[in-house]
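Everything below concerns the one structure shown next.
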Amino acid sequence: PARLGSDTLYFFGDNNFTEWGPLFQQYVPPPFGIPGTSPAYSFGIAGSGSGVPFHWHGPGYSEVIFGRKRWFLYPPDKTPHFHPNETTLAWLHRTYPALPLAERPLECTLRPGEVLYFPDRWWHATLNLDTSVFISTFLG
């Protein structure tokens, strides 16, 4: 199904592969996986400044097709300081500057063709720096 946020369109779960078949036929996923599992894909188109606040789930990876996506990550034993209703952009402006260096997350910015692996149960938040197109693959 599709879910529309204020500036983000996601397709995830039981997608209509008849309608989206041509897109996914063109996509060559990175050669990573967990033996005995089938990957689940999430496709997104997002506006600049949009993103997903801190959350965690099982392992996977994310690839940027167009634009740039900034990632903030914490290991499972280090819960980030955030309000669940606060956007990543608001967190970056309000909370992030006051964090001591030792409490700041691991960070990176993905550009087209780059892939990030996120381990099982790692906290992560994303911020789209440009209009972005991306595919996430959930493993297991």
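The values are calculated or read from the model by the stated rules, or taken from the named source; none is laboratory data. Quantities reported herein were computed from a predicted structural model and do not represent experimental measurements. With ideal geometry, Cβ positions are generated from the backbone for all residues, glycine too; neighbour counts draw on all protein chains shown. For the accessible areas, the whole protein counts, side chains as well, though only heavy atoms, and no ligand, DNA or RNA atoms are used. Shrake-Rupley method; radii C 1.70, N 1.55, O 1.52, S 1.80 Å.
Here are some notes:
- Averaged over residues, the count of other Cβ atoms within 10 Å places the peptides 36-43, 50-57 in the sequence 50-57, 36-43, highest first.
- Using only side-chain charges placed at the Cβ, +1 for Lys and Arg and -1 for Asp and Glu, the dipole size of segment 71-111 relative to its Cα centre rounds to 120 debye.
- Placing pseudo-labels 7 Å out from each Cα toward the beta carbon at Gln25 and Arg104 gives an inter-label distance of 4.7 nm.
- Split the accessible area of segment 29-76 by element, probe 1.4 Å, and carbon with sulfur accounts for 67%.
- Mean accessible surface per residue for the chain, computed with a 1.4 Å probe while every protein chain stays in place, in Å²: 56 Å²
- Listed residues Val52, Phe118, Ile135: farthest to the positive end of the dipole of segment 40-140 (Cβ charges): Val52
- Using the Cβ of Lys69 as centre and a radius below 11 Å, the other residues enclosed give a net charge of 0, where K and R count +1 and D and E count -1.
- Over 14 Å [Cα-Cα, segment 76-126], rounded percent: 59 percent
- Length gained when the stretch Tyr117-Ile65 is fully extended (0.36 nm per residue, less Cα-Cα span): 17.2 nm
- Here the Karplus relation 6.51 cos²θ - 1.76 cosθ + 1.60, evaluated at θ = phi - 60°, turns the backbone of segment 125-140 into coupling constants of 9, 10, 9, 7, 7, 9, 4, 10, 10, 8, 10, 10, 10, 9, 9, x Hz, with x for every Gly and Pro.
- Eigenvalues of the alpha-carbon gyration tensor of the chain, scaled by 5 and square-rooted, set the equivalent ellipsoid semi-axes at 26, 18, 13 angstrom, largest first.
- Computed over the chain, the per-residue total of -39500 (n - 2.57) for DSSP H runs of n ≥ 4 gives a 222 nm mean residue ellipticity of -3500 deg cm²/dmol, rounded to 500.
- Rounded to the nearest 20 debye, the dipole size of the chain about its Cα centre is 240 debye, using +1 on the Cβ of Lys and Arg and -1 on the Cβ of Asp and Glu.
- Sorting 127-134, 116-123 by average packing, meaning the other beta carbons within 10 Å per residue, from highest down gives 127-134, 116-123.
- Theoretical gain in end-to-end length, Asp130 to Ser48 [0.36 nm per residue, Cα-Cα removed]: 29.1 nm
- Taking a sphere under 13 Å around the Cβ of Phe134 and counting the other residues whose Cβ falls inside, with K and R at +1 and D and E at -1, yields a net charge of +1.
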